[in-house]
Structure formats: C-alpha cells, structure tokens
1. Out of residues 5 or more away from Val145 or on other chains, whose amide H comes under 5 Å of its own, with H placed 1.01 Å from N in the peptide plane?
2. Convert 10 °C to kelvin, take the viscosity as 1.306 mPa s, use the Kirkwood radius over C-alpha pairs of the range 614-660 as Rh, and evaluate the Stokes-Einstein diffusion coefficient in µm²/s, rounded to a whole number.
3. Go through the range 368-375 residue by residue and turn each phi into a ³J(HN,Hα) via Karplus (6.51, -1.76, 1.60, θ = phi - 60°); whole Hz please, and just put x for glycine and proline.
4. Going down the list Lys13/Lys570; Lys717/Lys741; Lys260/Lys318; Lys357/Lys779; Lys433/Lys561; Lys572/Lys741, which pairs span over 27 Å between their C-alpha atoms?
5. Which whole-Hz ³J(HN,Hα) couplings does the range 549-561 yield from phi under the Karplus relation 6.51 cos²θ - 1.76 cosθ + 1.60, θ = phi - 60°, glycine and proline marked x?
6. Percent relative contact order of the chain, based on C-alpha pairs within less than 8 angstrom and at least six residues apart?
7. Points 7 angstrom from Cα along the Cβ direction at Val101 and Ser764: gap in nanometres?
8. Which order do Glu267, Glu623 take by accessible area at a 1.4 Å probe, largest first?
Amino acid sequence: MATTVDKPEQAEKYFGRGVKRVEDPRLITGQGNYTDDIAPTGTLYAAILRSPYAHARIRGIDVSGARQAPGVVAAFSGADLKDKVGGLPCGWLLPDMKMPVHPALAFDTVRHVGDGVAVVVATERYLARDALERIRVDYEPLSAVTDAEQALKEGAPLVHDDVPSNKAFEWGIAGGDFAKAAAEADVVIKQRMVNQRLIPNAVEPRAVTAEYNRGTDELTVFTSTQIPHLVRLLLALTMGLPEQKIRIVAPDVGGGFGSKLYLYAEEVICAYLARELNRPVKWNEGRSENYLATTHGRDHIEDVEVAAKSDGTVTGLKVTTYANLGAYLSTFAPGIPTILFGLMLSGNYTIPNIDCKVYGALTNTTPVDAYRGAGRPEATYVVERVMDLVADETGVDPADVRRKNYIQPEAFPFTTATTVTYDSGNYAGTLDKALDLVGYADLRKRQEELRQHGRHLGIGLCTYVEICGMAPSQVLGAVGGQAGGWESATVRVHPTGKVSVFTGSSSHGQGHETSFAQIVADELGVPMEDIEVIHGDTGRVQFGIGTFGSRSMAVGGIAIKMSTDKIVQKGKKIAAHLLEAAEEDIEFAGGQFNVKGAPERSKTFGDIALMAYLAHNYPANLEPGLEAQSFYDPSNFTWPFGTHIAVVEVDPDTGRVDLQRYVAVDDCGNVINPLLAAGQVQGGITQGLAQALYEGAVYDEQGQLVTGSLMDYAVPKAVDVPTYETAHTVTPSPVNPLGVKGIGEAGTIVSAPTVVNAVIDALSPLGIRHLDMPLTPEKIWRAMQATSNE
C-alpha cells in the first residue's frame, strides 16, 4: 500500500502526522471490553424464537413448555409484551408517509423470516436456545412479496393492512426541465440498474446486556451501538421510562457500518426483561440470526434515462427508483433512498436538468436501512454508470466525458439541480493524479494490444462526491430527520494539566481516541499521552448525536476544537492576571502563555491549569476551574470527493475477474492522520468491490432468505483484494475551522461502480454494455456465451 499526501507533514504538530492508533494495544492483545464481555452477577441469557415464515398470521402461541425446560426462568410471547412496551419508532418522517406499527415481538402477524415472536430467559445461553424448541406456534401462512416493484403492483399481498399498495412513501426532487433536455439531446440512453440487497457482516454481531436497579429505578443497557444517546431517547419513548433513569453504554464495538445505528427490538426486549425479572439479562446474536434480524442495505431498482450531446456533455438525468424498505420502517430508513440518494444525483457534474422519483415499498423481507455510504453509493453507481454509457455511445474517452462535465473549481460554492450546495472541490485534480498514478495512457495502449490476442483487460474509473456531516439541524428537520445534526464535546482540564475529552461521537473502529487527541494536543500544547478521550456512555458524556454519515470529525471534531478555544481564552485571562499584563497582550502557542514582545514573561499550560483550581491568585469575577462544553451545528454539509481507477482482466473461459490494480485518490480536506485515512479508504474499497463482485442477498418466492449464512453469502477474503494504491489531494472545507471533511465511507461509495465499469470495459468488444451486480463468474460467463452465440 502506497500512501501520499500533497501537503507536507509538520513534524512539530500532531495534526497531519501518521500517529499509530492509541486504541490498538488493548484491542490487539485481547484487552478490549465488548458487550459480551460484560456479565454482572446473576446474569440471565435471552434467546428469541423467530418466525420461519415470511408472512403468516399467528393463530396461537404456547410458551408453557419452554417455562418448564431446565434452567429457564421466564418465557414471554409477543402478546405478553404487547401492552407493556410501545412499537419501535421511525426517526425519519416524510410527508404523507405510512408508518406501520413495529412491535418488539410480533403478536398477531409475522412479516418477514426472522420476525421475533417469543423470548426465553435462562441461566445459560444454550439452555435458553434449547428451550425455544418447546414453544408451540400455530401459524397460518400468507402470501408474501419480496420485490419492491412487484409489491407496488395492484393485487400484490399486503404486508400491512393499513398501508395500501405497500407504498410507504412517494418522494421526488426535480430541477430544470428534463423533458426539454431529452427532446433536444443528440443521445438519449435508457438503462435499468439493480443495486442489490446487502447484508452487513461486522466482526462483532449485535449484543445487549441490560441491568435494572429496583432501589433507584435505574436501567443500564450495554449495547453494541453507534448512537448511545439516541438509543436512550428512543428507549425512553418506547418504554415510557424517565430518560434520566436510563444509562446506555456502548463499550468497544466491533464494527457497525450503519447496521448498529438504530433502536432494535432486542434492546427493548432486554430492557423490559431486566426490569420485569430484576436480574441482568444478556442477548447475543448468532451469525445466521444476524442475517435475519439485523438491518440489510441497498436494494434499489432504478430506471435511468440520460440525455447528452454528441461531444459527451450530459444535459439531463431522470431516475425512477423502487426502494425496498423491508417489512418495517427502521429508525432512519426513509432518509436513505431520498435525501441521501436523490440529492446526490448530480454527482461531480454540472447536469442542469435532473428529475428523480422514489417509491418506498414495504415487503416481506428484513428491514432495510443505512449500510456504509447509505444512499450515496446508490447515487454514485447510477451517475458513474451513466457517464460510461455516454462515453460508449458517443465514442468519447470515459476520462474526457467526466472532465468535460465537471463543476469547475471557480464555480464553488455550487448549487446543483437537486438544490444542495457543494462547499468546495477540484475534481480534475484527483482525476489527473489518479490517471498519472495508474499510467492511464500506457494502460489503454496495452489494452488494445491484449485485445488483439483475445484477452479482456478492462479499465474502470469513477469520480465521486459525498454528502457528509448530516447537518445543519434545521435542514435535516426540513427534510424529515427527527434527530439534530449537531455534535457535542466537553473538554476538562484537570489541576495537573491532564485533559479529559467527552465526545458525543461514539467510536466503533474509526480511531476517535487517536484523532480527537491529536486535535486537543495541538490546540492546548499538551502531549497526546496526557489526553483521555471518553465516548459511548450516556452516564458520563453529555448528550450527543453519535457516529454515522462520516460526521465524526467534521462535526464532532469541530465541537472539540470549539471547547479548546474556550479553554485557551479563559487561560489567557488567568495568565494576564498572573503576569500582570493586559489580556490582549497574551499570546498562546506550544503550551505557553507569553506576553507579546517579552517571551521571558510566561506561564506554562500546567501553571494555568493548577491556578484555575487553586484560585489563590486569581482574576476577580472569574469562576474557578478549567472546563468548556460546546455544541456545534454546522452551516452546511461537507463535500469530500475523489477519483478511483480499477484494472481488471476477465477470463474468457470462466468469467472470473482478476482485479489487478486499484488506485484511489481522495480529497477529504485537511488530513489529520494519514494512517487512519488510508485505513478507512482501504476498508471502504473492500466493501464496495465486494458488492461489485461477490455479495448479494437473495430471497425466494416464499420470502425465504436463500443466502442466510456465510455458506451461501460470499464476502471477500484477503486473497480476493489487491494491494491498494492510495493518495490524497487537499482541498480544505470552508465550512469549518479545521478544513476537514469525511473519509469513512468514501471507498465504499465509489469502488462498486469503479470495478463494474472496469469489467464492462473489458467486455465491451463483445457488445456487453451493462450487467447488474454482483458480477459473479457465472453471470459474466453466461453473458459472454450469449454474445458469442448471436
């Protein structure tokens, strides 16, 4: 892996340095503390009976047999919980949206395979699972529907009686006049695209441990979540408990990728059980259970129409999307195929006429919500496949088509036809760097030479722009989001000069404890080892929104910066008093407060911290202590971008794709830690190429998940990925004082279309213009055979 950064590192600062993750020593030596490691005295274990049917009426359920099983303490059916806890809320409300009730346990009808119907609690986890076999459920099977487009057709089985035609919502965005653009175009291309359903595979499946103190009426829930404070809020609303009596703790979390972004039924169930039984209750998800009960991602059908001139200029884009939402509306599900997809259909380009319509359909499948990138990968796939289709139709090189349509650097801030305003960009800069790194001109020559010998070399390139930060709050509220877009930070300086940082951003592998400490170290002039970053505990940390949408640094990091600024300003007041100087004459740099023009008159940061607490020689009317809290609500999203290039060769005899090279040039503004940035990019690329080549959830006509385990659902192995060549350009964001953008989802957003474009480029001499993901060897081989038989 080669990593380069256009800006030179500044050795005297932590910002920009490739500091090793401070989290890693405990994690790689087995000293991490995950939810399953937490087992209070007297812990009971819960197991959930899940429906084997995609759609069925529950005519009766008998849990008495389970209650008599060895080690069983209690067993409850959905009917037992019906009036005790409310339905799971949806946190994204669109106009005229139909929101069916989502019970923690189904009590009258099951609506997808894996829908929970009963829970058993026992002294050992395997005793609880064994007891599930003693529960008797009388099901009346009903017809099921699993395809979003089919679900919306007249006569389709209704998933919920109170949602006519299975349509949860209809949403649209339009700018310009697509019909006029199409009428005046030299080229009009139509293409159906399927962005298949994906199943998240975090190393740590979901887990919950709930503990209730009857004496204080306090409920503590340890859970592998990305949003501890929002889980607390939603749990309080669902169970009717005082929010201040609930503590949510996200300990070490072994990956999330969006799948741990919601209030889940199991969190509600365990909380109810702990309170009801006055014993700690733990639930751990098995891998196959994860495939049925944890939210899935993607699952779009897109009808795409593009208008262009003969020189490759794209003048219009029309997209009709059928978005599969699954059986229920998960916490943020309606926002994914709407604002995070539709608003991004301009990509990096000056497309003046865009028309998007999205139909959100309920089906008898596992609920669908955010998965790494969340809407942005789907939009980028459409736009970047369109660019290659235009290149193929007009005969213009794919790189030139993109360059011709780019938003130019001098045009920023730029408002797209979908109404969003990009803050900054230099798209040709990442394109040029990527083309240079891969040796594009020479590759094209080699491609022509190999084609003369019957070999199928393909070069795929894609440019992306990403909407990051999920803010400001007023904008989110206007488009249906019920959570705020701000983030919080408290920076506490102790009398010894050590620092504790309490952040509302909750880490699940990103390296917050490292990157946040780098910011504080520079801002306060203290060593990183003197800084502790605390997150994921609502009992210790002020209310925060959480981690998703590549918002941690661009929103959470800025809140930390604001708090350190306040501390420095207070420190100047104390220093001015001690140094007998005017406050405006105090300078602060490198951990020293100096008098301007008299550097010998100075106080260290430690001197000031101690005096802030002793207050023996202290300014009048200034409170003791050295601590600051901030809530940062950005004025705009941030807009990272980049160009990725893949080189593949397709075996004509087997259809197997050999991914030979992958070059990624990303621009996330100022890079705090190149090592962390490169790690995020590499992980993201792997998840995207997995969608392109391997992964895909499949249901049969009865709603059974055919790909319900790792035996049937392919994820990439180490031997399946090349050595990535990563680089960066730097275009600072004008939105925030650190000039940072997001990087956590970039690789996933762009890599799937990059690899698909490469494969289609390899197959283009055969007349193949499009194949839907995943591009498995069999699918490619059949397409090649079909063309050879024509």
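1. So Val145 has HN proximity to Asn364.
2. After rounding, the answer is 88 µm²/s.
3. 10, 8, 5, 9, 1, x, 6, x
4. Working: Lys13/Lys570 23 Å; Lys717/Lys741 30 Å; Lys260/Lys318 33 Å; Lys357/Lys779 30 Å; Lys433/Lys561 32 Å; Lys572/Lys741 30 Å.
Beyond 27 Å: Lys717/Lys741; Lys260/Lys318; Lys357/Lys779; Lys433/Lys561; Lys572/Lys741.
5. Computed from phi, the couplings for the range 549-561 are x, 6, 9, 4, 7, 5, 10, x, x, 6, 4, 5, 4 Hz.
6. Working: 1997 pairs, mean separation 126.0, N = 790.
Rounded, it is 16 percent for the chain.
7. Each label point lies 7 Å from its Cα, and together they span 5.6 nm.
8. Result of the area sort, largest leading: Glu623, Glu267.
The values are calculated or read from the model by the stated rules, or taken from the named source; none is laboratory data. All values derive from a computational prediction rather than experimental measurement. Please note: Cβ atoms are built from the backbone with ideal geometry, for glycine as well, and neighbour counts cover all protein chains shown. Only protein heavy atoms, including side chains, enter the accessible area calculation; ligands, DNA and RNA are left aside. Shrake-Rupley method; radii C 1.70, N 1.55, O 1.52, S 1.80 Å.
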